[in-house]
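This report refers to the structure that appears directly beneath it.
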Amino acid sequence: MADLRFPNPTRETAERRHALAPEADEAFQAFSKAVFAKGALDVRTKQLIAVAVAHVTQCPWCIEGHVKAAKRSGASSEQIMEAIWVAAEMRAGAAFAHSIKALDLLDEGKAG
C-alpha cells in the first residue's frame, strides 16, 4: 500500500538527484558504502544500529531500507525488534533527561 505522504523512491528520482549534484551524490554513495562495510563491527550489527537510528530519526525510507538490509545480513526479527525497543528507550530517556531543563526553569520562578 503506497503512502502518498512518503513517495516511493524510483530510479528516476535517483537519476535526477545525481544529475543535479553528481559529485555530492557520488561522495555520499562512497561514504555510505564505507560506513556499512565490515570493520570493527560486523555488517549485521551496523544494520541493527541503523534500524534503531532510523526509528529515532523517524525516516520511513531508512526504516524500510535498513530493516531489509538487516534481514539480508542475518538479523532475526527478534533482533530487529530489540533494536527498535532500544531506540524507543533512548528517545524516551532523552525526554526524561531533558526534564532537568524544565525543572531549572520552574525553579527560576521561585527565586523572583
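When the residues of the range 24-34 are filtered to those that are surrounded by fewer than 11 Cβ atoms within 10 Å (Cβ to Cβ) and either of a type in the set (A, V, I, L, M) or in contact with a Phe, Trp or Tyr (Cβ under 8 Å, 6 or more places away or on another chain) (or both), the one that is nearest to S73 (Cα to Cα) is A34. If you check V86, V56 for being under 23 Å from F6 (Cβ atoms) and modelled with pLDDT of 95 or more, only one passes: V56. The residues of the range 24-59 that are hydrophobic (A, V, I, L, M, F, W, C), over 18 Å from A14 (Cβ atoms) and either without any contact (Cβ under 8 Å) to a residue 12 or more places away in the chain or not assigned by TED's automatic domain parsing to the domain that holds R72 (or both), listed by number, are A34, V35, A37, A40, L41. Restricting the range 61-80 to residues that are in a helix (DSSP H, G or I) and either basic (K, R) or loosely packed, with under 12 Cβ neighbours inside 10 Å (or both), the residue that is nearest to the chain's Cα centre (by Cα) is K68.
Given the structure, is A83 of a type in the set (A, V, I, L, M) and not in a helix (DSSP H, G or I)? In short, no.
Out of the range 26-49, which residues are of a type in the set (A, V, I, L, M, F, W, C), under 24 Å from I84 (Cβ atoms) and either assigned to a helix (DSSP H, G or I) or touching a His at 6+ places or on another chain (Cβ under 6 Å) (or both)? Across the range 26-49, the qualifying residues are V35, V43, L48, I49.
The values are calculated or read from the model by the stated rules, or taken from the named source; none is laboratory data. None of these values were measured; they are calculated from a predicted model. Reconstructed Cβ throughout: ideal geometry from the backbone, glycine too, with neighbour counts over all protein chains shown.
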